[in-house]
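To start, the structure under review is shown below, and the notes come after it.
The values are calculated or read from the model by the stated rules, or taken from the named source; none is laboratory data. Bear in mind that the values here come from a model prediction, so they are computed numbers and not experimental data. Cβ placement follows ideal geometry from the backbone for every residue including glycine, while neighbour counts extend to all protein chains displayed. Only protein heavy atoms, including side chains, enter the accessible area calculation; ligands, DNA and RNA are left aside. Shrake-Rupley method; radii C 1.70, N 1.55, O 1.52, S 1.80 Å.
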Amino acid sequence: MLDRRNPKSQFYKSIHVSYPSAEDFRKANEKGHPPGGDVMIHGLPNGMGAIGAAHRLRDWTDGCIAVTDSEMDEIWKLVANGTPIEIKP
């Protein structure tokens, strides 16, 4: 779920995803992999907002979900903490 916000992130706002859960740890351990963590939905790096949607041309987030700054404003306003999220490949 989306559990906390950071308006002063190194990116244009960020919202934390409550991952990994105990079940995620178990599944990762079964496969012999670390589960990862500190997954965020965030805007572009501060000062780089002009890049806009072009950021999608390359995978640069190391596991996070990046959106444009205007998309982040919309998510920030419309999605409350505690909202469930499902991330699919």
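From largest to smallest, what semi-axes in whole angstrom does the chain give when each is the square root of 5 times an eigenvalue of its alpha carbon gyration tensor? Walk me through the numbers before you get to the answer.
Numbers: eigenvalues 124, 50, 21 Å².
Over the Cα atoms of the chain, the semi-axes work out to 25, 16, 10 Å.
For the stretch 19-89, which chymotrypsin sites (Phe, Trp or Tyr not before Pro) are in a loop by DSSP, counting at most 12 other Cβ atoms within 10 Å? Can you show the working numbers first?
Working: sites: F25, W60, W76; in loops: W60.
Passing both the DSSP loop test and the Cβ count: W60.
The residues of the chain expose, per residue, 69 Å² of accessible area to a 1.4 Å probe. Axis of helix 22-31 versus longest Cα principal axis of the chain: the two differ by about 70°, to the nearest ten degrees. Take each peptide in 14-20, 80-86, count the other Cβ atoms within 10 Å of every residue, and average; sorted highest first, the result is 14-20, 80-86. Could you please state how large a percent of the accessible area of the stretch 4-70 is carbon and sulfur, counting protein chains only and using a 1.4 Å probe? Carbon and sulfur: 54 percent of the exposed surface of the stretch 4-70.
For I85, nonlocal amide neighbours, meaning residues 5 or more places apart or on other chains whose placed amide H falls under 5 Å from its own, are L2. Between 0 and 90 degrees, the angle of helix 69-78 with respect to the longest Cα principal axis of the chain falls at about 70 degrees. Free of any trypsin sites (Lys or Arg not before Pro) that DSSP assigns to a loop and that have at most 16 other C-beta atoms within 10 Å, the longest stretch within the chain is 9-57.
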